[in-house]
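Reviewing the structure listed below.
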């Protein structure tokens, strides 16, 4: 399971990386915004994307839209972990095809729960 | 900010009204003469002059307030720099404006969060191995004790104590691990506070840009009104303004400059005469 973590704050990338390691996912890569993340996603064989929303350059929502528009990435599971907590924003992310949405600050259990649910859904559709 | 520089909005408005009445009074006879003589062009010029003389006070006050605000922002930086201890003076001297100060906060919190997570990374495997070892040892210990055929009462008591201890150690190290995860999660404050600080940095930049625009507008208005003011300005400001009125940046060449930093802002303000 290869996972890409995208956040402009290195602190948050590290937190997510550590939590994933606790959950048994050790194959992770990092990017600091959508602009750097997209080429990595296009090139590498990532199975899962965890992204922040509010980032300079390309935002997480733009990255999500770009993924859904790409032949290669249109089915890539995308979990958004963000401080953007307005209803409209969550609806917009959902309409853009997000697989899960975690609002910061979050707990380890909440992240674990969302990740588990996403993987269960993937397995159910396969 | 010196008291004498402060001028409230009401004072300013009152002053403008007074100036207008005083100018009107001074030019009353001339104005009447122009009107009676049907010299409308001269009368119109005179009215315009009177009107402008009252507005000049407002322009001066806008400029003065702008200058005071800018000085306050600059002094904020200088004060902190001067008060700094020698150890951090070098660091502080690099932080010449509010934006770099806020970026400094982001860097400091980021460093603190990373150091905390370094310790978590060190401690978590220790807690894990203590837990794994004590669980494994407990199994071995139970197997060893049950294989022993002859156990007296004293040994029996010791067996229970060691067994309970190994269970407690496993439970405690699991508790430590869970605390470490909480500590890790709490470092998310750095991201959240950082996002807020970044917004404030944008705000400071916007305020600064607006300040520069305001100074430019005020200087243009002054140019229209003419610097040869009839307005009674307070003595120390009068002195200052007379000196600044000759400043090089009122020339058209220097106005072409694009303001890009704090130094440019300082230069611009100084040369504009506020």
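Residue check: residue B:123 meets all listed conditions (1) surrounded by 12 or more Cβ atoms within 10 Å (Cβ to Cβ); (2) not in a helix (DSSP H, G or I) but one, namely (2).
The set of residues in the stretch A:95-122 being without any contact (Cβ under 8 Å) to a residue 24 or more places away in the chain, in contact with a strand residue (DSSP E or B) (Cβ under 6 Å, 6 or more places away or on another chain) and away from every other protein chain (no Cβ under 14 Å) consists of A:99, A:100, A:101. Is it true that residue A:22 is within 13 Å of chain B (Cβ to nearest Cβ), surrounded by fewer than 22 Cβ atoms within 10 Å (Cβ to Cβ) and more than 13 Å from the chain's Cα centre (by Cα)? Yes; evaluated as a whole, the condition is true for this residue.
Restricting the stretch A:25-39 to residues that are farther than 23 Å from residue B:181 by Cα and within 14 Å of another protein chain (Cβ to nearest Cβ) leaves a set whose member that is surrounded by the most Cβ atoms within 10 Å (Cβ to Cβ) is A:33. Checked against (1) within 12 Å of another protein chain (Cβ to nearest Cβ); (2) free of Cβ contacts under 8 Å to residues at least 40 places away in the same chain; (3) surrounded by 17 or more Cβ atoms within 10 Å (Cβ to Cβ), residue B:113 passes all but condition (2). Among the residues making up the stretch A:1-19, those that are within 11 Å of chain B (Cβ to nearest Cβ) and outside any helix (DSSP H, G or I) are A:7, A:8, A:9. Among the criteria (1) more than 14 Å from every other protein chain (Cβ to nearest Cβ); (2) surrounded by 21 or more Cβ atoms within 10 Å (Cβ to Cβ); (3) modelled with pLDDT under 95, the one residue A:90 does not fulfil is (2). Restricting attention to the stretch B:175-200, which residues are more than 19 Å from residue B:124 (Cβ to Cβ) and more than 7 Å from every other protein chain (Cβ to nearest Cβ)? Listed by number, the residues that qualify are B:189, B:193, B:196, B:197, B:198, B:199, B:200. Screening B:101, B:74 for residues that are part of a helix (DSSP H, G or I), under 25 Å from residue B:205 (Cβ atoms) and modelled with pLDDT of 65 or more leaves exactly one candidate, B:101.
If I go through the stretch A:11-40 residue by residue, how many of them are farther than 19 Å from residue B:125 by Cα and out of contact with any helix residue (DSSP H, G or I) (no Cβ under 7 Å at 6 or more places or on another chain)? Number of matching residues: 7.
For the stretch A:40-52, the condition holds for no residue, the condition being that it is within 13 Å of chain B (Cβ to nearest Cβ) and farther than 20 Å from residue A:97 by Cα.
The values are calculated or read from the model by the stated rules, or taken from the named source; none is laboratory data. Here the structure is a predicted model, which is why all the values come from computation and not from measurement. Note: ideal-geometry Cβ built from the backbone for every residue, glycine included; neighbour counts use all protein chains shown.
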